[in-house]
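Asker: Have a look at this one.
Readers should treat all values here as calculations from the given coordinates under stated rules, not as data from a laboratory. Please read these numbers as outputs of a predicted model, since none were measured by experiment. Don't worry about glycine lacking a Cβ; one is built from the backbone with ideal geometry, like all the others, and counts go over all protein chains shown.
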Amino acid sequence: PTNHLDLESITAFNNGVVDFPGVVLMATHDLAFANSVCNRVIELTPKGVIDRICTYEEYLENPKVQELRESMYMVAAY
């Protein structure tokens, strides 16, 4: 959601999302934005859901999550 925003608008948007008391469901390719606003990551995989309370960066760097992701995306060999 931040592709066409200037820095001031991105900052205001980030602050608004962080301060919002409810739930925000989003999809983004902006790693900096995801790291600044996400405190829970829910990933839908072909074999189920991975749900972790952490930042996006922590999610990507966690060895247990990496192992789980590999198993959730593994295709059975025939």
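Asker: Let me spell it out: the conditions are (1) exposed (fewer than 10 other Cβ atoms within 10 Å of the Cβ); (2) of a type outside the set (D, E, K, R); (3) not in a loop (DSSP other than H, G, I, E, B), and Val18 meets all of them except one. Which number is the exception?
Answerer: (1)
Asker: A further question follows. Does region 29-78 hold any residues that are touching an Asp or Glu at 6+ places or on another chain (Cβ under 6 Å) and of a type in the set (S, T, N, Q), and which are they?
Answerer: Asn35
Asker: Condition first: without any contact (Cβ under 8 Å) to a residue 12 or more places away in the chain, among the acidic types (Asp, Glu) and either part of a helix (DSSP H, G or I) or surrounded by 15 or more Cβ atoms within 10 Å (Cβ to Cβ) (or both). Now tell me which residues in region 35-78 satisfy that.
Answerer: Once the filter is applied, which keeps residues that are without any contact (Cβ under 8 Å) to a residue 12 or more places away in the chain, among the acidic types (Asp, Glu) and either part of a helix (DSSP H, G or I) or surrounded by 15 or more Cβ atoms within 10 Å (Cβ to Cβ) (or both), region 35-78 yields Glu58, Glu61, Glu67, Glu70.
Asker: Of all residues being within 10 Å of the chain's Cα centre (by Cα) and among the hydroxyl-bearing types (Ser, Thr, Tyr) in region 48-78, which is farthest from Ala34 (Cα to Cα)? Just the residue, please.
Answerer: Applying the filter and picking the extreme gives Tyr59.
Asker: While we're here: Looking at Thr11, Thr28, can you tell me which residue is surrounded by 11 or more Cβ atoms within 10 Å (Cβ to Cβ), assigned to a loop (DSSP other than H, G, I, E, B) and of a type outside the set (Lys, Arg)? Full working, then the answer.
Answerer: Details: Thr11 fails: assigned to a loop (DSSP other than H, G, I, E, B).
One residue alone meets the criteria, Thr28.
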